[in-house]
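Novice: Have a look at this one.
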2 protein chains.
Amino acid sequence: MADQSKSPKVDSTLSKGLAILERLAASRSGKGVTELSRELDLTKSNTFRLLQTLTTLGYVRRLDNRSYAATLKTWQIGRNLVEHLDLREMAGPELTYLSKQTGEAIYLAVPEDLAIVYIDKIDSRKPIRSWNTVGGSAPIHCVGTGKAILAANYSRMRDKLVGNLTRHTDRTLTNIEALDADIAATQSRGYALDRGEYREHILSFGAAVTLPDGVAVAALGISLPEINLAEGDAGRIGALVREAAARVSEKLLRG
Amino acid sequence: MADQSKSPKVDSTLSKGLAILERLAASRSGKGVTELSRELDLTKSNTFRLLQTLTTLGYVRRLDNRSYAATLKTWQIGRNLVEHLDLREMAGPELTYLSKQTGEAIYLAVPEDLAIVYIDKIDSRKPIRSWNTVGGSAPIHCVGTGKAILAANYSRMRDKLVGNLTRHTDRTLTNIEALDADIAATQSRGYALDRGEYREHILSFGAAVTLPDGVAVAALGISLPEINLAEGDAGRIGALVREAAARVSEKLLRG
DNA sequence: CCCATCCGTTTCATATATCAGAACATTTGT
DNA sequence: ACAAATGTTCTGATATATGAAACGGATGGG
């Protein structure tokens, strides 16, 4: 085999086993021993043995007597990962950055049914109280972080919202058509904007942290009193939060 | 997991490497070499080397200089799998419908050996916690979704169950004759009913999603606390889930 | 400030997996 | 029924991974 001279030590057994697993997971139906050995440039006997190992470990099962397919075990493991993902650690530096850039209250939120839950925050450095605490929640349809998450997966979530658009202020979007339009605007802007839709005179910006497939797992948010927003600052703040969220998304992948 | 009748040869490198990956995926933050080696009963040097391999293959990354964590690569591979089954997409609207009709926890599950794995759910809208998460699993013989799948293919699966009917509550059906009778009832009703056979005081209903040849590929389920079930509601809920599953089955045909 | 202790890393005989090639068994297509 | 695939099992020489011990850096307590 042509090994890279830069990354010297790889256990070939593990490497080949994982390659087989990847191949099987990528194929809709199963693959046979010979097919796999050709694709991965391995001997038949080696491929067969690795498949046997993967089978007894539960990662692979035989379909009929001539082909193998990946089980859901790989998916379950990956699922565990996403659930245990330490968003706080990943997003921490970006929260700090946003705080320094704006001086306003910065939030990290995750979706929970039709609400978002704050899992981290940095207080405003201006002498203004904040209402939201870590562990607290807010309706998904009327805050920046919530609408950013909605926008990332609107097709899946829209139907659940109909009839559940509770009013909180006179600016809350309570009919689905208005929300449709707002979400469309959010999608094209790349960040969400709430103009006092949850608390009177409190604005919030939000942008989603997404996995490679587009699923939103969290959102970054900036919240500030209406009076603090200078003319033309909305675009700047929106861009800040959008780009910070993009950096966190990328960090989830690469570390 | 009781399939160790024979002991086929397993490649230890692959086996250990996957064990490490599983451990890392299950841990919130990273783990160190020594910690892993103790947990998995491996030597430090072996663990170190496997971690090095997993790192160059992109499955693992170093956090700081003293610990390793799993990347999202495992998740991406597993995702490929469920993406190819577009069950979730097909069943989504029916899950939503069941949620609206009942307000209880709704599940979509697929069979995996002698268990079922939850691949999607909608939380109860009532203030009751649910234990089952997406990615989690449950024994096939004592939950509604599992028994629905069993009922669809009982002739093929019955023999594998003998001797594997683990007890979970005092209502669990642990002898094959009792299960035979329950499955027969399930088949004539068109939906499965679990009366606290897996968790005390938790009822669940299930109905199978089947291919035209009768093979069950998934099941829809509704789970609720015993106390939520009004007299005579069982028939109504059973019919709801049976018909929703039938609609999903039909949808699989037409695309 | 030093020492005991922990950790990640490296080293090197030895145990283990891999390779190639072939043979055998079983299925599929004509 | 025959031929051409495919999955499965051997074999022993070679390449590779393994375990035990040692190394060097970091940490924390006395």
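Novice: Any residue at all in region A:39-49 that's closer than 20 Å to residue B:25 by Cβ and among the hydrophobic types (A, V, I, L, M, F, W, C)?
Specialist: In the first step, residues of region A:39-49 are kept if they are closer than 20 Å to residue B:25 by Cβ; the result is none.
Looking for residues that are closer than 20 Å to residue B:25 by Cβ and among the hydrophobic types (A, V, I, L, M, F, W, C), one finds none in region A:39-49, hence no.
Novice: All but one of (1) open to solvent by less than 10 Å² (accessible area, probe 1.4 Å); (2) farther than 19 Å from residue A:187 by Cβ hold for residue A:200, so report the exception by its number.
Specialist: (1)
Novice: Now, a different point. Look at region A:15-56 and say how many of its residues are under 29 Å from the mean Cα position of the chain (by Cα) and within 10 Å of DNA strand C (Cβ to nearest atom).
Specialist: Qualifying residue count for the region: 2.
Novice: Any chance you could count how many residues in region A:191-233 are assigned to a loop (DSSP other than H, G, I, E, B) and of a type in the set (Phe, Trp, Tyr)? Give the steps one after another, and end with the answer.
Specialist: Of region A:191-233, the ones assigned to a loop (DSSP other than H, G, I, E, B) are A:191, A:196-201, A:211-215, A:229-232.
Subsequent filtering for residues that are of a type in the set (Phe, Trp, Tyr) retains A:191, A:198.
So the answer is 2.
Novice: Can I ask one more? Considering only residues that are within 11 Å of chain B (Cβ to nearest Cβ) and open to solvent by less than 20 Å² (accessible area, probe 1.4 Å), look in region A:28-54 and name the one that is nearest to DNA strand D (Cβ to nearest atom).
Specialist: A:51
Novice: Could you check region B:149-162 and list, in sequence order, the residues that are touching a residue at least 24 places away in the same chain (Cβ under 8 Å) and assigned to a loop (DSSP other than H, G, I, E, B)?
Specialist: Across region B:149-162, the qualifying residue is only B:153.
Novice: I need a count of the residues in region A:174-183 that are open to solvent by 50 Å² or more (accessible area, probe 1.4 Å) and part of a helix (DSSP H, G or I).
Specialist: Selection size over region A:174-183: 2.
Novice: Looking at A:112, A:104, which one is in the same structural domain as residue A:167 (by TED's automatic domain parsing), in contact (Cβ under 8 Å) with a residue 60 or more places away in the chain and among the charged types (D, E, K, R)?
Specialist: Working: A:112 fails: in contact (Cβ under 8 Å) with a residue 60 or more places away in the chain.
Step by step, each of A:112, A:104 is checked, and only A:104 is in the same structural domain as residue A:167 (by TED's automatic domain parsing), in contact (Cβ under 8 Å) with a residue 60 or more places away in the chain and among the charged types (D, E, K, R).
Novice: Go through region A:62-75 and count every residue that is more than 16 Å from DNA strand D (Cβ to nearest atom) and either under 17 Å from the mean Cα position of the chain (by Cα) or over 17 Å from residue A:22 (Cα atoms) (or both).
Specialist: 1
Novice: Out of curiosity, is residue B:186 away from chain A (no Cβ under 14 Å), of a type in the set (Ser, Thr, Tyr) and either open to solvent by 50 Å² or more (accessible area, probe 1.4 Å) or without any contact (Cβ under 8 Å) to a residue 12 or more places away in the chain (or both)? Lay out the reasoning, then the answer.
Specialist: Values: away from chain A (no Cβ under 14 Å): yes; of a type in the set (Ser, Thr, Tyr): yes; either open to solvent by 50 Å² or more (accessible area, probe 1.4 Å) or without any contact (Cβ under 8 Å) to a residue 12 or more places away in the chain (or both): no.
No, not satisfied.
Novice: Here is a further query. From the list B:161, B:211, B:114, which one is away from chain A (no Cβ under 14 Å) and either surrounded by 15 or more Cβ atoms within 10 Å (Cβ to Cβ) or closer than 26 Å to residue A:156 by Cβ (or both)? Explain how you work it out, then say what you get.
Specialist: Details: B:211 fails: away from chain A (no Cβ under 14 Å); B:114 fails: away from chain A (no Cβ under 14 Å).
Exactly one of B:161, B:211, B:114 is away from chain A (no Cβ under 14 Å) and either surrounded by 15 or more Cβ atoms within 10 Å (Cβ to Cβ) or closer than 26 Å to residue A:156 by Cβ (or both), namely B:161.
Novice: Another question about this same structure. Please tell me if residue B:60 is touching a Phe, Trp or Tyr at 6+ places or on another chain (Cβ under 8 Å) and within 7 Å of DNA strand C (Cβ to nearest atom).
Specialist: Values: touching a Phe, Trp or Tyr at 6+ places or on another chain (Cβ under 8 Å): yes; within 7 Å of DNA strand C (Cβ to nearest atom): no.
For residue B:60, the condition - touching a Phe, Trp or Tyr at 6+ places or on another chain (Cβ under 8 Å) and within 7 Å of DNA strand C (Cβ to nearest atom) - is not met.
Novice: I'd like to check something: does region A:189-197 contain any residue that is at negative phi, in contact with a Gly (Cβ under 6 Å, 6 or more places away or on another chain) and open to solvent by 20 Å² or more (accessible area, probe 1.4 Å)?
Specialist: As a first pass, look at region A:189-197 and keep what is at negative phi: A:189, A:191-195, A:197.
Checking the rest, the ones that are also in contact with a Gly (Cβ under 6 Å, 6 or more places away or on another chain) come to A:191-192, A:194.
Still in the running and open to solvent by 20 Å² or more (accessible area, probe 1.4 Å): A:191.
Yes, region A:189-197 contains a residue that is at negative phi, in contact with a Gly (Cβ under 6 Å, 6 or more places away or on another chain) and open to solvent by 20 Å² or more (accessible area, probe 1.4 Å).
Novice: Might you let me know whether region B:93-104 holds any residue that is more than 11 Å from chain A (Cβ to nearest Cβ), within 18 Å of the chain's Cα centre (by Cα), buried (at least 20 other Cβ atoms within 10 Å of the Cβ) and modelled with pLDDT of 80 or more?
Specialist: Here is the first cut: in region B:93-104, the ones more than 11 Å from chain A (Cβ to nearest Cβ) are B:94, B:98, B:101-104.
Checking the rest, the ones that are also within 18 Å of the chain's Cα centre (by Cα) come to none.
Looking through region B:93-104, none of the residues is more than 11 Å from chain A (Cβ to nearest Cβ), within 18 Å of the chain's Cα centre (by Cα), buried (at least 20 other Cβ atoms within 10 Å of the Cβ) and modelled with pLDDT of 80 or more.
Novice: Something else now. Report whether or not residue A:89 is charged (D, E, K, R), crowded, with 19+ Cβ neighbours inside 10 Å and away from DNA strand C (no atom under 16 Å from the Cβ). Steps first, answer last, please.
Specialist: On the way: charged (D, E, K, R): yes; crowded, with 19+ Cβ neighbours inside 10 Å: no; away from DNA strand C (no atom under 16 Å from the Cβ): yes.
Taking the combined requirement at face value, the residue does not satisfy it.
Novice: For residue A:135, indicate whether it is at positive phi, free of Cβ contacts under 8 Å to residues at least 24 places away in the same chain and not charged (D, E, K, R).
Specialist: Working: at positive phi: yes; free of Cβ contacts under 8 Å to residues at least 24 places away in the same chain: yes; not charged (D, E, K, R): yes.
Yes: the conditions hold for residue A:135.
Novice: Under 9 Å between Cβ atoms, which residue pairs at least 6 apart in sequence (or on different chains) link something in region A:45-59 that is without any contact (Cβ under 8 Å) to a residue 24 or more places away in the chain with a partner that is within 8 Å of DNA strand C (Cβ to nearest atom) and open to solvent by 50 Å² or more (accessible area, probe 1.4 Å)?
Specialist: Sorted first by the residue in region A:45-59, then by its partner, the pairs are A:49/B:9; A:52/B:9; A:52/B:10; A:56/B:9; A:56/B:10; A:57/B:10.
Novice: Please work out if residue B:57 is more than 10 Å from chain A (Cβ to nearest Cβ), under 30 Å from residue B:36 (Cβ atoms) and either open to solvent by less than 10 Å² (accessible area, probe 1.4 Å) or touching a Leu at 6+ places or on another chain (Cβ under 9 Å) (or both). So that I can check it myself, show each step before the final result.
Specialist: Details: more than 10 Å from chain A (Cβ to nearest Cβ): no; under 30 Å from residue B:36 (Cβ atoms): yes; either open to solvent by less than 10 Å² (accessible area, probe 1.4 Å) or touching a Leu at 6+ places or on another chain (Cβ under 9 Å) (or both): yes.
No.
Novice: Specify the residue that is surrounded by the most Cβ atoms within 10 Å (Cβ to Cβ); the eligible residues are those in region A:65-82 that are without any contact (Cβ under 8 Å) to a residue 24 or more places away in the chain and more than 7 Å from chain B (Cβ to nearest Cβ).
Specialist: Only one residue fits best here, namely A:73.
The values are calculated or read from the model by the stated rules, or taken from the named source; none is laboratory data. Every value quoted in this text rests on a predicted model; they were computed, and no experiment measured them. Cβ atoms come from the backbone with ideal geometry, glycine included; neighbour counts cover every protein chain shown. Areas reflect the complete protein model, heavy atoms only, side chains present, ligands, DNA and RNA absent. Shrake-Rupley method; radii C 1.70, N 1.55, O 1.52, S 1.80 Å.
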